[in-house]
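Here, each number is a calculation from the coordinates, and none is a lab measurement. In this text, all values refer to a predicted model and were calculated from it rather than measured experimentally. In this analysis, Cβ positions are derived from the backbone assuming ideal geometry, glycine residues included, and neighbour counts consider all displayed protein chains.
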Amino acid sequence: MLGKNKNEAGADDARTKIGTMIGAGTVFDGDLTSPEAVRIDGVINGNCSCEKKLILSPEGQVKGNITAQSVIISGKVDGDIVVSGKLELLATGKIAGNITASSIVIDEGASFDGRCTMTAASGRQPESVPKTETNRQDSETAQKE
């Protein structure tokens, strides 16, 4: 992470107001939906959807799909993840599923088995590359052949 050290990143997590917490040893069967940030220290057997940040601790597990604004994974996920912002996969994290995110950080030692699709950040469109004179000539030559 350019411009940030690990302590600053951890401080950001400490300032996040958690609306829902699934404690260690807790097993939740079913889909979880929250308008606030969610921290999972237990096990969720179902899909998780939150409008803000989802934090999965090293002891946490999700067996289902995750949808959130931003996600920090230290535990295990068996399912697809769709994030409108940034996904962070920390060294202890394991994901078996596909990821769709506008930004992704994967620490050394993390495990990811799936496909990753990067989306444009909201409000930004990818810029088109204008054809240069050389590209036009190459294109015309290819069409003649």
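So how many Lys-Lys pairs in the range 6-120 land under 13 Å Cα to Cα, not counting same-chain pairs under 8 apart? The partial results should precede the final answer.
Working: 17/52; 17/53; 52/86; 53/86; 63/76; 63/94; 76/94.
Lysine pairs meeting both conditions in the range 6-120 amount to 7.
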Run the quick spin-label model on residue 116 and residue 36: label points 7 Å from Cα toward the beta carbon, then report their separation in nm to one decimal.
3.2 nm
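Given R₀ = 22 Å, what would the calculated FRET efficiency be for residue 98 paired with residue 18, taking r from the Cβ atoms and rounding to 0.05? Walk me through the numbers before you get to the answer.
Working: r = 27 Å, r/R0 = 1.21.
E between residue 98 and residue 18, to the nearest 0.05, is 0.25.
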Restricting to the range 6-120, what percent of DSSP beta bridges are antiparallel, rounded to 5?
0 percent
Using packing as a proxy for protection, rank 56-66, 84-94 so that the peptide with the highest average count of other Cβ atoms within 10 Å comes first.
56-66, 84-94
So for the range 6-120, what percent of the C-alpha to C-alpha distances run longer than 19 Å?
37 percent
For the range 93-102, Karplus couplings with θ = phi - 60° (6.51, -1.76, 1.60), whole Hz, Gly/Pro x
x, 9, 10, 10, x, 8, 10, 10, 7, 8
